[in-house]
Each structure stands twice: as C-alpha cells, then as structure tokens.
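Visitor: Just passing along the structure, written as structure tokens.
The values are calculated or read from the model by the stated rules, or taken from the named source; none is laboratory data. Small disclaimer: the values here were computed from a predicted structure and weren't measured. In this analysis, Cβ positions are derived from the backbone assuming ideal geometry, glycine residues included, and neighbour counts consider all displayed protein chains. These area figures cover heavy atoms from the full protein model, side chains too; ligands, DNA and RNA do not enter into them. Shrake-Rupley method; radii C 1.70, N 1.55, O 1.52, S 1.80 Å.
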Amino acid sequence: MRTITQIHAHNTALHEDYRCELHQIETRFAQQRADLTTRMNRLKAYYHQRQQQIAIKYREERLDAARRYNEQIAANRTELNQLMHLAQQSQEGGEA
C-alpha cells in the first residue's frame with residue numbers, strides 16, 4: 001500500500017500531466033483555428049477575384065452584343081436608305 005506522500009506525489013504528477021495535455025490541446029486547436037482563418041481569407045480573396053473577373057466578362061459580352069446590334073442596325077439603315085433612294089429615282093423617272 002502507498003503512503004499519503006506517495007499518493008499526493010502521484011496526484012501532483014497527474015495534475016501536471018493533465019495541465020500539459022490541456023496546453024497541447026489548446027495549442028493544437030489554436031493552430032487549427034489559425035489555419036482555418038488563413039484558408040477562409042484565401043477563399044474570400046479568390047471569391048472576390050472571380051467576382052471581378054465575371055463582372056468584367058459580363059460587361060465585355062454586353063458590349064460585344066451592343067456592338068453587333070448597332071452594326072446590324074446601321075447595315076439595315078444603309079440598305080433601307082438605298083431602297084428609298086431607288087424608289088425615289090423610280091418615282092422621278094415615272095413622273096418625267
């Protein structure tokens with residue numbers, strides 16, 4: 001059987017082991033939180049960058065669509081003007 005002093009010494013050693021283990025757990029979890037924060041910040045930066053790229057692509061595609069539309073309208077206007085000119089010449093030729 002152990003003496004009171006031996007039991008007390010064992011309890012003290014157990015307490016120190018417990019405190020050491022708690023410190024290791026706290027350190028490990030603090031590192032995991034820091035790693036998670038770092039990853040989250042990287043993801044936020046990536047998300048923001050992708051959002052900007054998508055917005056730029058969206059504007060470019062809208063500008064391209066507007067340019068094509070305006071070119072087609074201008075071509076139709078030119079063709080319509082030619083037809084109106086021919087019709088006017090035809091009328092003037094018929095009147096003469």
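Visitor: Before we move on, is Gln24 at pLDDT below 95 and either open to solvent by 100 Å² or more (accessible area, probe 1.4 Å) or in contact with a Ser or Thr (Cβ under 8 Å, 6 or more places away or on another chain) (or both)?
Guide: no
Visitor: Which residues, taken from the range 47-76, are open to solvent by 100 Å² or more (accessible area, probe 1.4 Å), among the basic types (Lys, Arg) and either modelled with pLDDT under 95 or within 23 Å of the chain's Cα centre (by Cα) (or both)?
Guide: Lys57, Arg59, Arg62
Visitor: Residue by residue through the range 1-27, note down the ones that are of a type outside the set (A, V, I, L, M, F, W, C) and more than 49 Å from the chain's Cα centre (by Cα).
Guide: Within the range 1-27, Arg2, Thr3, Thr5, Gln6, His8, His10, Asn11, Thr12, His15 meet the criteria.
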